[in-house]
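Note sheet for the following structure.
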Amino acid sequence: MSIENSNKQNGRIRHYMMAVVSVCILVFLDQFTKQIVVQQLKGQSAYVLIRNVFQLEYLENRGAAFGLFQNQRIFFYISVLVISLVVIWFYGKVPMEKKYLPLRICAVLILSGAFGNCIDRIRLNYVVDFFYFKLINFPIFNVADIYVTVAAFLLIVLVLFYYKEEELERVFHRS
């Protein structure tokens, strides 16, 4: 193996290791916030931060976003497995160049959100949610949900406005 190929391989391994560490840190942060919420809010009334606008409110969510798929644990486990495989495949396809860092960040955020909520489902049989925008009656959500939402929004913006078509083709047509 040439020195150049060895350096590329080492760089790729560093990127993968950084992604794994990032996912672990983000999942820890999600689980940490949920633990605080369980200790401080479970069985308590909502903690109002901005009256009639935003509050922290403990909720045991046995479904998905907007209350869909209540108590469908097998569905959620299969979904996390499929999402994880797709995201890992995608991460492997993304060139390890600075230009494509936003795509790698999106992959890390999606994986972190999926794992954060999956841990809850395995441990508790539900997901702990606690952020509530009362002003617009938005469904209660958590940190893992924020990761996924930010990543999805960022992906849409990147695909529509940042990357040129040929740059995206380069991602999906790499061998």
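The values are calculated or read from the model by the stated rules, or taken from the named source; none is laboratory data. Keep in mind the model is a prediction, meaning the values are calculated, not measured. So basically every Cβ, Gly included, is an ideal-geometry build from the backbone, and we count neighbours across all protein chains shown. When the accessible area is computed, the model is the full protein with side chains, heavy atoms only, and any ligands, DNA or RNA have been set aside. Shrake-Rupley method; radii C 1.70, N 1.55, O 1.52, S 1.80 Å.
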* Of the residues in region 156-172, how many are closer than 17 Å to Tyr91 by Cα, of a type in the set (A, V, I, L, M, F, W, C) and open to solvent by 50 Å² or more (accessible area, probe 1.4 Å)? -> 3
* Can you name every residue in region 1-19 that is exposed (fewer than 12 other Cβ atoms within 10 Å of the Cβ), assigned to a helix (DSSP H, G or I) and hydrophobic (A, V, I, L, M, F, W, C)? -> Ile3, Ile13, Met17
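Condition check ((1) in a strand (DSSP E or B); (2) under 30 Å from Arg14 (Cα atoms); (3) among the aliphatic types (A, V, I, L, M)) across all residues:
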residue: Val48; (1), (2), (3): yes, no, yes
residue: Tyr58; (1), (2), (3): yes, no, no
residue: Tyr77; (1), (2), (3): no, yes, no
residue: Leu85; (1), (2), (3): no, yes, yes
residue: Gly92; (1), (2), (3): no, yes, no
residue: Pro95; (1), (2), (3): no, yes, no
residue: Pro102; (1), (2), (3): no, yes, no
residue: Ile146; (1), (2), (3): no, yes, yes
* Structure fact -> Flagged in region 134-155 as surrounded by 12 or more Cβ atoms within 10 Å (Cβ to Cβ) and not hydrophobic (A, V, I, L, M, F, W, C), in numbering order, are Lys134, Pro139, Asn142, Asp145, Tyr147, Thr149
* Structure fact -> Among the residues of region 126-148, the number that are over 12 Å from Gly113 (Cα atoms) and either out of contact with any Asp or Glu (no Cβ under 9 Å at 6 or more places or on another chain) or without any contact (Cβ under 8 Å) to a residue 24 or more places away in the chain (or both) is 5
* Applying the selection to region 76-133, what residues are hydroxyl-bearing (Ser, Thr, Tyr), within 12 Å of the chain's Cα centre (by Cα) and surrounded by 20 or more Cβ atoms within 10 Å (Cβ to Cβ)? -> Ser112
* Might you let me know whether region 45-52 holds any residue that is free of Cβ contacts under 8 Å to residues at least 12 places away in the same chain, under 30 Å from Lys164 (Cα atoms), open to solvent by less than 80 Å² (accessible area, probe 1.4 Å) and among the aliphatic types (A, V, I, L, M)? => no
* Hey, Phe28 hits all of (1) more than 25 Å from Phe130 (Cα to Cα); (2) assigned to a helix (DSSP H, G or I); (3) not hydroxyl-bearing (Ser, Thr, Tyr) but one; which does it fall short on? -> (1)
